[in-house]
Structures are given as C-alpha cells and as structure tokens.
Amino acid sequence: MPELSAPLSVAPTPQQAEAPPRTGLYRRIPLDTPGGTVLCGIALTVVLVLLLRLYLAG
Amino acid sequence: MSWELLGLLLRWIHIGGGIIWMGHNYVNVVLHPGYEAFWAPPPGADDPERQGREKREHAIFRHASLVTWITGLLMLWEKGWLADALLLHGYLAVIGTATWIGTAMMLNVWLVLWPHQKRVLGFVPASPEMRLRCSRITFLSSRTNTMLSIPLLFLMAASQHGAVLFV
C-alpha cells in the first residue's frame with residue numbers, strides 16, 4: 001500500500017528530501033520506477049516457471 | 001452447506017480481498033511512480049478526522065491481506081491440497097509456490113510495511129531522520145509486493161489453466 005502518507009483522495013504536499021542512495025540488494029533491483037517493477041515481476045515469473053518446469057519434469 | 005458452495009464462497013472472498021489489497025498497491029504505483037522522501041509529518045496530521053480516515057484506510061488494506069491469505073489457505077484445505085501444495089508435491093507445486101509468495105507478501109505488509117508506515121503517517125511519533133528512513137523502507141516494501149504480485153497472479157492462474165506449461 002500506501003507508499004505515501006495521505007489517503008488516496010487527498011493530494012499530499014509533503015516536505016521532500018533527496019532520495020537516499022540505493023544500498024544492499026535493492027541497488028540492483030530497479031523498483032524505483034513502475035516500468036522497472038513490472039519488468040522485475042515478469043522476469044521473476046519467467047524464472048519461476050522455468051524452475052517449476054524443471055522440477056516437475058524431474 | 002455443501003463443500004462445493006463453501007469453496008465457491010471462499011474463492012469469491014479470496015478474489016475480493018486480493019483486489020482490495022493489491023488495488024491499493026497498483027493505485028499507488030500510478031499516483032506516485034517514484035519515491036518521495038518524507039521527513040515532516042503529513043499536512044493535517046494533527047486533524048483527528050483525517051487521522052481516523054487514514055487509520056481506517058490502512059486497516060482495511062492490512063486486513064484485506066489477511067483475509068486473502070486465510071481464504072487462500074482454506075480453499076486449499078477444503079480441496080485436501082493444503083499440505084501437498086505447501087510441500088510442493090507434484091503439480092500442486094504451482095499453486096504451492098504462489099501460496100509461499102502470498103505468505104511472504106502478507107508478512108511483508110504486517111511485519112515490514114506497517115511498523116514503518118505508522119511512523120510515516122504520524123500515528124506514532126518519529127524524528128525527521130526516522131521518518132525519512134521509514135518512508136524509504138515503506139516504499140521498497142510496497143514495491144516489492146507489487147513486483148511479487150505479478151508471478152503470484154500468473155501462478156494462481158496457471159494452477160487452474162496452465163497444464164500446457166508444466167506437463
């Protein structure tokens with residue numbers, strides 16, 4: 001949910017700061033954009049399907 | 001009540017809960033595509049009416065995740081598939097994998113997102129530094145669930161309609 005602090009119906013006017021630098025695992029996973037999030041989801045889906053196919057064929 | 005009717009009701013509630021739960025995530029991805037750092041309390045955070053609305057909204061979101069998860073497990077139990085799915089036995093490994101992903105997502109909501117988001121929302125007092133850190137964790141937690149929902153939905157559909165992929 002709610003990555004932000006306001007209900008969906010209310011436009012927030014937050015004080016903003018610079019985004020902290022990416023660290024750890026998230027440095028390599030582009031979740032900061034909707035497109036990156038969807039691509040990661042599709043890539044994970046493909047990997048899981050391939051692994052399940054291998055597992056079920058074994 | 002027949003078992004078939006119980007299964008149908010569980011599925012109905014499961015889908016409804018999932019729409020309410022993940023609908024929040026998808027709407028937020030559209031409304032706020034990128035990370036927005038917060039260190040100050042949201043405007044109007046001291047307005048009890050507004051806080052009440054925010055608490056209700058978040059409670060509906062959180063409990064929808066729980067309802068979705070529990071009805072999912074009950075559906076598997078009602079069919080006698082629960083243990084085999086969780087242990088990834090045979091073709092039930094497909095819905096079993098989806099179940100484990102859903103479990104991780106539900107735990108992510110309750111154990112990672114909620115403890116941090118209540119500081120961002122101003123339900124719990126927090127220093128500016130802590131609110132900034134919590135807003136980043138909340139963002140990543142939410143995005144992680146959005147990402148995980150993609151394979152979860154695929155595997156859920158594939159468990160009923162994806163034999164061509166796995167057999």
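Can you put B:K118, B:K55 in order of accessible area, largest first, using a 1.4 Å probe?
Largest accessible area first, the list is B:K55, B:K118.
For chain B, set up a Gaussian network in which alpha carbons nearer than 10 Å are linked by springs, and say which option among B:G16, B:G102, B:G52 fluctuates the most.
B:G52
Give me the one-decimal Kirkwood hydrodynamic radius in Å for the protein assembly as shown, with the sum taken over alpha-carbon pairs.
18.7
Quick one: buried accessible area between A and B, total over both chains, 1.4 angstrom probe, nearest 100 Å²?
4100
Give me the percent of the accessible area of the protein assembly as shown that comes from carbon and sulfur atoms, probe 1.4 Å, all protein chains in place.
So the carbon and sulfur contribution to the accessible surface is 71 percent.
At R0 = 22 Å, how high is the FRET efficiency between B:A163 and A:Y55 if r is their beta carbon distance? Nearest 0.05 is fine.
With a Förster radius of 22 Å, E is 0.90.
Using a 1.4 angstrom probe, figure out how much accessible area segment B:38-167 has per residue, in square angstrom, rounded to the nearest whole.
With the other protein chains kept in place, segment B:38-167 gives 45 Å² per residue.
Rg over Rh of segment B:13-91, using C-alpha atoms and the Kirkwood radius, what does it come to?
We get a ratio of 1.16 for segment B:13-91.
Excluding B:I20 itself, calculate the net charge of residues whose Cβ lies under 14 Å from the Cβ of B:I20, where each Lys or Arg counts +1 and each Asp or Glu counts -1. Can you show the working numbers first?
Numbers: positive: B:R56, B:R62; negative: B:E57.
Result for the neighbourhood of B:I20: +1.
Could you check the spin-label model distance between B:I70 and B:I15? Points 7 Å from the Cα along Cα→Cβ, value in nm.
Distance between label points: 2.2 nm.
Could you give the DSSP H helices of chain B that reach 15 angstrom or more along their long axis (alpha carbon positions) and whose average Kyte-Doolittle hydropathy is no lower than 0.5? Present the calculation step by step, with values, prior to reporting the outcome.
On the way: long enough: B:3-31 (41 Å, 0.96); B:48-79 (46 Å, -0.61); B:92-107 (22 Å, 1.64); B:128-161 (49 Å, 0.24).
Length and hydropathy pass: B:3-31, B:92-107.
The values are calculated or read from the model by the stated rules, or taken from the named source; none is laboratory data. No experiment lies behind these values; they were computed from the predicted model shown. Here the Cβ is made from the backbone with ideal geometry for all residues, glycine too, and neighbour counts use every protein chain on show. The accessibility values were calculated without ligands, DNA or RNA, using every heavy atom of the protein model including side chains. Shrake-Rupley method; radii C 1.70, N 1.55, O 1.52, S 1.80 Å.
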